[in-house]
Amino acid sequence: MTSSDICVIFNVMKFDKSLISTLREDPKDAESKSQRILLRGGFIRQLASGIHTYLPLGWSILLKISSIIREEMNRIGGQEMLMPAISPKELWEESGRWKEYGEDMFRLKDRKEREYCLCPTHEEIVADIARTKIRSYRDLPQIWYQIQTKFRDEPRPRSGVLRSRQFIMKDSYSLDCDEEGLDRSFKLHRQAYERIFTRCGLEYVIVEASGGLMGTGESREFMAIVDGGEDQLVLCTKCNYRANLQIAQSRGRHESFNDGALEKVATPGKRTVQEVTDFLGVGPQNLVKSMFFTQAGSEPLLILIRGDDEINEEKLARLIGAGYAPASTEEIAKAFNAQPGYIGPAGIDHVAIYADEMLRDAKGMITGANTDGYHVRGLNLKRDVKVKQYANLRQVKSGDICVKCGGPLTLRNALELGHIFKLGTKYSGSLGANFLDEKGNSKPIIMGSYGIGLERIMACVCEQKGDDRGAVWPISIAPYDIHLIVLNPLEETVQKTSDEVMQMLTKAGLSVIIDDRDISAGIKFNDADLIGVPIRVTVGPKGVKNNRLDIYVRATGETITAGKTELVDNCMEIMDRRKSG
RNA sequence: CGGGGCGUGGCGCAGUGGUUUAGCGCGCAUGGUUCGGGACCAUGAGGUCGUGGGUUCAAAUCCCACCGCCCCGACCA
C-alpha cells in the first residue's frame, strides 16, 4: 500500500494534491495585513473588485466559523433557514428601501422586465414571512437566522475581504410581542455573540453604535480593535465607557482668553485655521470656525465650532435634520458677502446660528470678518453673536474627558464584526406583519435584527494573530489540526515512519495535512508558517534514526521533541492547553 | 464622484518608437545531482504587451477614447 492510499483511507490531505497555491511574493494589490496573509497563503483569490473566491483552505476556515455560529445560535433557540438571495422590487417598495438604499443595491431585471435586487439584507423578506405565518401572540417569540451571501455595491471596496461587495453574513431576526420580549431577544444575541467571537479567538469590545439605514433603535456593535480598521472607537482609559466615534460623547477642555473689544485685523490670503493661527501667532482653540449649511426649501444655518474641533455630522444631523449640506462658494458669497474662510457670526441676524457647547461664554475669540482678507479678534459670543441654540456638535478627540467618570479618552481604530439592533416596528409596520394579542387586538410584531460578517472574522484573526510569516489560526477555526512535514520523503525509513505517524494522529481524531513533497525543507517550513496550522510535526531522516519527532507550536514558537509513542499524547496535550488558553 | 498610481506568460517586475524569434527572477515540465528553514546543472513549454481606434514605412513604446484594478478622500454601514 502506498502513502497516497493510506492518505485516502485515513482522510489525510496531501499537500501536493490540494489546491493550495502559496505565493512566494506579496501580490501587488495586497495592502492590509490580512489581505496579504490571505492571498499569499492561498486562502482567497480575487475575481473582481470586492468579489472573491474562497479557495479550499479559506472555505474550510469559513465552514468552521459557520459551525461555531450555528451552535451558538441554536443554543439561544434560533431556527436556521435559507431565504432567497434575489428578491422582487415590490417588497422593498413597501418598506421604502427600494429608494432609500440607492446605488448600494445591486438591481436586475428578468426576461419579462420585472425588477429585482440582490438582497443586501433580509428584513423585508422576514417581515413577509411573518405576516402570513405569525397570527397570534402564541406564535411568539421567534428567532430565525440564516448564513448566506449578501450583496452590496459598495462605492469603494477595500482591504480585500474586509469591505467587499459580495460577502457571507449570519443574519438573524427576532420577533416578539412587546418591548420586554425584544429586550430578552437582544440580550440573548449579545450573549451568543460574545461566545462566538471568544470561541473564534478574537479580542473585541462592545460599543454603543448608531443605526444608520437600519432605523433609530438601540444598537450595539462588536468591534475588533485592529490598526487597519475603518471605524474609530472612543475608549475611556479609566472606566468601561466605549462608543463609536460617530455617537461618542465627551467633555472637552474649556479655554479662556481675555475679553476685549471687537477689532478688525487684516489677514490677507489666510483662510484656513492653520494659516490664520500661524499668521496671528495664536492656537487653533482661539478661533471660531463658521460653517454655512443649506438645504433646498429650508432656511440656511450657520454652525459655529472651535478651531481645534471638527463637526460630527451624525450629531449635526440629529440636531438639524439629515438634508443639510455644506453651502457652495456662491451661496456663501451671496449670504455673507465674503469668500469661505472669511465668514463669521458677528453682526449676523439674517441666518439662524447654532454653536457647539465648547463655545458657550467664549470670549476673546478670532473669527471671520465677513470681508475678504479680514478677521476679527475679541469676539465675545454672549455679547456679539445671536446664538439660537448651543448643542454638542463636536467630534470627540483623544484627550477629551469621559462623561461617565472624568477619565481621559483615547481613540482606536477598529473593525465592525457584528451588530445587534432593536428594529421595533419599522418593518412589521410598513409591511403589515401583525399579530393578535391576548385581548384580541392586532399589533405589529416587534422585531430585532442581528448580523455577523463571516469573512471579517477570518480577516480579523489574521490582523490580530498573524505575523510576518503568515497566518496563525486558533484551533477552533484552523483548517487542520496538524501540519505533518516529511523531509526526504523518498527514504524508505522516513516514509514508513511518516505513514505510522499519520495513522496515529488520525486515529486520535486529529485532522492532518501532510507535506511529503520531494523539495527542499525550507519551502515546506515556509509554506507551513504561511498557512498557519496550529501544530507542525516534522518527520526527517535524522529524527527517524534516533526515534525523535519535532513538534512545533505555531502560535508560541514552542518546540518539543518527542518519541513516536509520546507524539499523540503531546499533540493532544497542546490542543487542550491551547483550547482553554 | 474628486485626487494619485498601475495594466507586459501563473506570480513579481524590466523594456518608453526600429538591435532580426518581447526580456529577467520565481513558478511549471523532463532528466540528473542534492536534501533539517525558499539548493544546483541541463533541456523545454508558456505572452492577441488591458480593449478599440488613430499617427507612422515601422507602435508594448506616440495620440485619442474606453475598460479593469489598487490607494487617499467623499459616500455608505
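The values are calculated or read from the model by the stated rules, or taken from the named source; none is laboratory data. These numbers come from a predicted model, not from an experiment. Note that each Cβ is placed from the backbone with ideal geometry, even for glycine, and that neighbours are counted across all protein chains shown. Areas reflect the complete protein model, heavy atoms only, side chains present, ligands, DNA and RNA absent. Shrake-Rupley method; radii C 1.70, N 1.55, O 1.52, S 1.80 Å.
Of the residues in the stretch A:227-259, how many are closer than 16 Å to A:Leu287 by Cβ and either under 20 Å from the mean Cα position of the chain (by Cα) or open to solvent by 30 Å² or more (accessible area, probe 1.4 Å) (or both)? Full working, then the answer.
The initial filter retains those residues of the stretch A:227-259 that are closer than 16 Å to A:Leu287 by Cβ, namely A:252-258.
Still in the running and either under 20 Å from the mean Cα position of the chain (by Cα) or open to solvent by 30 Å² or more (accessible area, probe 1.4 Å) (or both): A:253-258.
Here the count works out to 6.
Quickly run through the stretch A:1-49 and pick out the residues that are surrounded by fewer than 19 Cβ atoms within 10 Å (Cβ to Cβ), among the small types (Gly, Ala, Ser) and out of contact with any helix residue (DSSP H, G or I) (no Cβ under 6 Å at 6 or more places or on another chain).
A:Ser4, A:Ser18, A:Ser21, A:Ala48, A:Ser49
Would you say A:Ala528 is free of Cβ contacts under 8 Å to residues at least 60 places away in the same chain and under 38 Å from the mean Cα position of the chain (by Cα)?
Working: free of Cβ contacts under 8 Å to residues at least 60 places away in the same chain: yes; under 38 Å from the mean Cα position of the chain (by Cα): yes.
Judged against the criteria, A:Ala528 is a match.
Please verify whether A:Thr149 is among the polar types (S, T, N, Q), more than 15 Å from RNA strand B (Cβ to nearest atom) and assigned to a helix (DSSP H, G or I), treating the condition exactly as stated.
On the way: among the polar types (S, T, N, Q): yes; more than 15 Å from RNA strand B (Cβ to nearest atom): yes; assigned to a helix (DSSP H, G or I): no.
Here the answer is no, as A:Thr149 does not meet what is asked.
Could you pull out the residue among A:Ser449, A:Ser398 that is closer than 16 Å to A:Ser219 by Cα and either part of a strand (DSSP E or B) or open to solvent by 40 Å² or more (accessible area, probe 1.4 Å) (or both)?
Details: A:Ser398 fails: closer than 16 Å to A:Ser219 by Cα.
Of the residues listed, the single one that is closer than 16 Å to A:Ser219 by Cα and either part of a strand (DSSP E or B) or open to solvent by 40 Å² or more (accessible area, probe 1.4 Å) (or both) is A:Ser449.
If you go through the stretch A:52-83, how many residues are open to solvent by 30 Å² or more (accessible area, probe 1.4 Å) and within 14 Å of A:Lys170 (Cα to Cα)?
Matching residues across the stretch A:52-83 total 10.
List the helices (runs of 4 or more DSSP H) that sit entirely inside the stretch A:482-563 and contain at least 3 residues that are open to solvent by 40 Å² or more (accessible area, probe 1.4 Å) and within 21 Å of A:Asp16 (Cα to Cα). Please lay out each step first, then the result.
Numbers: elements: A:492-507, A:521-531, A:541-545.
In the stretch A:482-563, A:492-507, A:521-531 are the helices (runs of 4 or more DSSP H) which contain 3 or more residues that are open to solvent by 40 Å² or more (accessible area, probe 1.4 Å) and within 21 Å of A:Asp16 (Cα to Cα).
Taking the residues in the stretch A:27-61 that are near RNA strand B (Cβ under 7 Å from one of its atoms) and part of a loop (DSSP other than H, G, I, E, B) as candidates, determine which candidate is farthest from A:His483 (Cα to Cα).
Result: A:Ser49.
Taking the stretch A:94-137 as the search range and keeping residues that are over 28 Å from the mean Cα position of the chain (by Cα) and in a helix (DSSP H, G or I), which one is farthest from A:Cys177 (Cα to Cα)?
So, considering only residues that are over 28 Å from the mean Cα position of the chain (by Cα) and in a helix (DSSP H, G or I), the one farthest from A:Cys177 (Cα to Cα) is A:Glu94.
With the condition kept exactly as written, say whether any residue in the stretch A:295-309 is open to solvent by less than 40 Å² (accessible area, probe 1.4 Å), within 16 Å of RNA strand B (Cβ to nearest atom), of a type outside the set (Ser, Thr, Tyr) and not in a strand (DSSP E or B).
Within the stretch A:295-309 (the criterion being open to solvent by less than 40 Å² (accessible area, probe 1.4 Å), within 16 Å of RNA strand B (Cβ to nearest atom), of a type outside the set (Ser, Thr, Tyr) and not in a strand (DSSP E or B)), the answer is yes, since at least one residue qualifies.
Of (1) touching a Ser or Thr at 6+ places or on another chain (Cβ under 6 Å); (2) more than 22 Å from A:Gly399 (Cβ to Cβ); (3) free of Cβ contacts under 8 Å to residues at least 40 places away in the same chain, A:Pro300 satisfies all except one. Which?
All conditions are met except number (3).
State which residue is most open to solvent (accessible area, probe 1.4 Å) when the search covers only the stretch A:418-446 and only residues that are hydrophobic (A, V, I, L, M, F, W, C) and part of a strand (DSSP E or B).
Applying the first criterion (hydrophobic (A, V, I, L, M, F, W, C)) to the stretch A:418-446 yields A:420-421, A:423, A:431, A:433, A:435-436, A:445-446.
Pick out the ones that are also part of a strand (DSSP E or B) and you get A:420-421, A:423, A:435-436, A:446.
Values: A:Ile420: 0, A:Phe421: 4, A:Leu423: 19, A:Phe435: 4, A:Leu436: 86, A:Ile446: 18 Å².
This residue is A:Leu436.
What are the pairs, 6+ residues apart or on separate chains, where a residue within the stretch A:443-465 that is in contact (Cβ under 8 Å) with a residue 40 or more places away in the chain and more than 13 Å from A:Leu202 (Cβ to Cβ) has its Cβ under 8 Å from a residue that is of a type in the set (Lys, Arg) and open to solvent by 20 Å² or more (accessible area, probe 1.4 Å)?
A:Met447/A:Lys426; A:Gly448/A:Lys422
A:Thr506: of a type in the set (Ser, Thr, Tyr), away from RNA strand B (no atom under 11 Å from the Cβ), under 25 Å from A:Glu573 (Cα atoms) and in the same structural domain as A:Lys14 (by TED's automatic domain parsing), yes or no?
yes
Within the stretch A:88-110, count every residue that is closer than 15 Å to A:Glu154 by Cα, open to solvent by 70 Å² or more (accessible area, probe 1.4 Å) and either assigned by TED's automatic domain parsing to the domain that holds A:Leu431 or away from RNA strand B (no atom under 12 Å from the Cβ) (or both).
Residues in the stretch A:88-110 being closer than 15 Å to A:Glu154 by Cα, open to solvent by 70 Å² or more (accessible area, probe 1.4 Å) and either assigned by TED's automatic domain parsing to the domain that holds A:Leu431 or away from RNA strand B (no atom under 12 Å from the Cβ) (or both): 1 in total.
If we keep just the residues of the stretch A:529-558 that are of a type in the set (Gly, Ala, Ser) and touching a helix residue (DSSP H, G or I) at 6+ places or on another chain (Cβ under 9 Å), which is nearest to A:Ile482 (Cα to Cα)?
As a first pass, look at the stretch A:529-558 and keep what is of a type in the set (Gly, Ala, Ser): A:532, A:540, A:543, A:555, A:557.
Going one step further and asking which of them are touching a helix residue (DSSP H, G or I) at 6+ places or on another chain (Cβ under 9 Å), we end up with A:532, A:540, A:543, A:555.
On the way: A:Gly532: 10, A:Gly540: 16, A:Gly543: 18, A:Ala555: 13 Å.
By that ranking, first place goes to A:Gly532.
Can you confirm whether the stretch A:364-385 contains a residue that is surrounded by fewer than 22 Cβ atoms within 10 Å (Cβ to Cβ), in contact with a strand residue (DSSP E or B) (Cβ under 8 Å, 6 or more places away or on another chain) and free of Cβ contacts under 8 Å to residues at least 60 places away in the same chain?
No, the stretch A:364-385 has no match at all.
I'd like to check something: does the stretch A:350-364 contain any residue that is within 16 Å of RNA strand B (Cβ to nearest atom) and assigned to a loop (DSSP other than H, G, I, E, B)?
Let us first name the residues in the stretch A:350-364 that are within 16 Å of RNA strand B (Cβ to nearest atom), namely none.
No: zero hits.
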